[in-house]
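Since every read-out is calculated from the coordinates, none of them should be taken as a lab result. These numbers come from a predicted model, not from an experiment. Here the Cβ positions follow ideal geometry from the backbone for every residue, glycine too, while neighbour counts run over all protein chains shown.
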Amino acid sequence: MSLGPLMIDLAGTELTAEERELLRHPLVGGVILFTRNYTDPAQLSALVGAIHAERSPPLIVGVDQEGGRVQRFRAGFSLLPPPRRIGHEFDLEPRAGLALARSMGWLMAGELRAHGVDILDGVYNDFSNEEELREECAQGRDFGMDGKTLIHPNQIGPCNEIFAPTADEIVWAKRIIAVFDEPANASKGVVQIEGRMVERLHAEMARRTVTIADAIATLS
């Protein structure tokens, strides 16, 4: 089943039977989490895992975690400065501001991704300007984001085109998965593939690559 266009919320820290049914509806494509859905990192991982288990490809899971007053997960996460603080640093010294933005972005993304939360770039409002939309999508992809939030149907095609893994990336990802799935490698943290050292974390990244490619393929 392909992902639908709706992103829904949840009532609490665990899925209810009614919510599980909603998550399986073909119009639903993701879940946005709030402070009421969080108690600690272990609970978050369990909740995200339960959400992902309801669909294949798995539903998108997002949260507003910009920093300052807009940080839904606090206990067990690094407290991030408000974005205006980053802007103030940029006003004083552009290089310092950019360095702070980059480091805070990596910190936020790393902590969220460790618990299965997706990292999505913000919207591009000028939906009639495809050229600049493509530039923003490419920038987001290069920063390691999983996708981009969109506001107009015309933005879907260019966004999917840019964020979709290449054919070579898909072949390599499937090769990594196949090697780690071999019984002889079940307990190994590192293997050699075609002369390269590949760690088990790369297998998880490879599975994500294939999942993204499959999700986009279902929309084509």
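Numbers below:
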read-out: Antiparallel %, DSSP beta bridges [both residues in the chain], to 5; value: 40 percent
read-out: Listed residues GLY122, GLY87, GLY195, most fluctuating in the chain (Gaussian network, C-alpha, under 10 Å); value: GLY195
read-out: Neighbour net charge for CYS159 - beta-carbon separation under 13 angstrom, K R +1, D E -1; value: -4
read-out: Three-way shape label, the chain, alpha-carbon gyration tensor, a/c 1.5; value: rounded
read-out: Farthest positive-ward along segment 1-145 dipole, Cα basis, beta-carbon charges - from TYR38, LEU107, GLN139; value: TYR38
read-out: Whether segment 51-143 is rounded, prolate or oblate, judged on the alpha carbon gyration tensor where a/c under 1.5 counts as rounded; value: oblate
read-out: Packing-based order for 108-117, 91-100, using average beta carbon neighbours within 10 Å, highest first; value: 108-117, 91-100
read-out: Sum of -39500 (n - 2.57) over DSSP H runs of 4+, divided by residues of the chain (222 nm, nearest 500); value: -15500 deg cm²/dmol
read-out: Alpha-carbon centroids, segment 153-203 and segment 74-109: separation in whole Å; value: 31 Å
read-out: Protection-proxy order for peptides 4-13, 30-39, 159-168, each taking the mean of Cβ atoms within 10 Å per residue, highest first; value: 30-39, 159-168, 4-13
read-out: Of SER78, SER187, SER56, the one that fluctuates the most in a GNM where the chain has Cα springs shorter than 10 Å; value: SER187
read-out: Residues whose placed amide H lies under 5 Å from that of VAL63, excluding near-sequence neighbours; value: LEU33
read-out: Cβ-placed point charges (K, R +1; D, E -1), dipole of the chain about Cα centre in debye, nearest 20; value: 580 debye
read-out: Cβ-derived FRET efficiency at R0 25 Å, GLU14 paired with ALA75, nearest 0.05; value: 0.90
read-out: Karplus 3J(HN,Hα) series, Hz, for segment 64-74 with 6.51 cos²θ - 1.76 cosθ + 1.60 (x for Gly, Pro); value: 8, 9, 5, x, x, 5, 9, 9, 6, 9, 10
read-out: Highest-MSF residue in the chain out of LEU44, LEU23, LEU107 [GNM, Cα springs under 10 Å]; value: LEU107
read-out: Tensor-based shape of segment 75-192 (alpha-carbon gyration tensor, a/c under 1.5 rounded, otherwise prolate or oblate); value: oblate
read-out: Ranked TRP106, TRP172, criterion: other C-beta atoms within 10 Å, fewest first; value: TRP106, TRP172
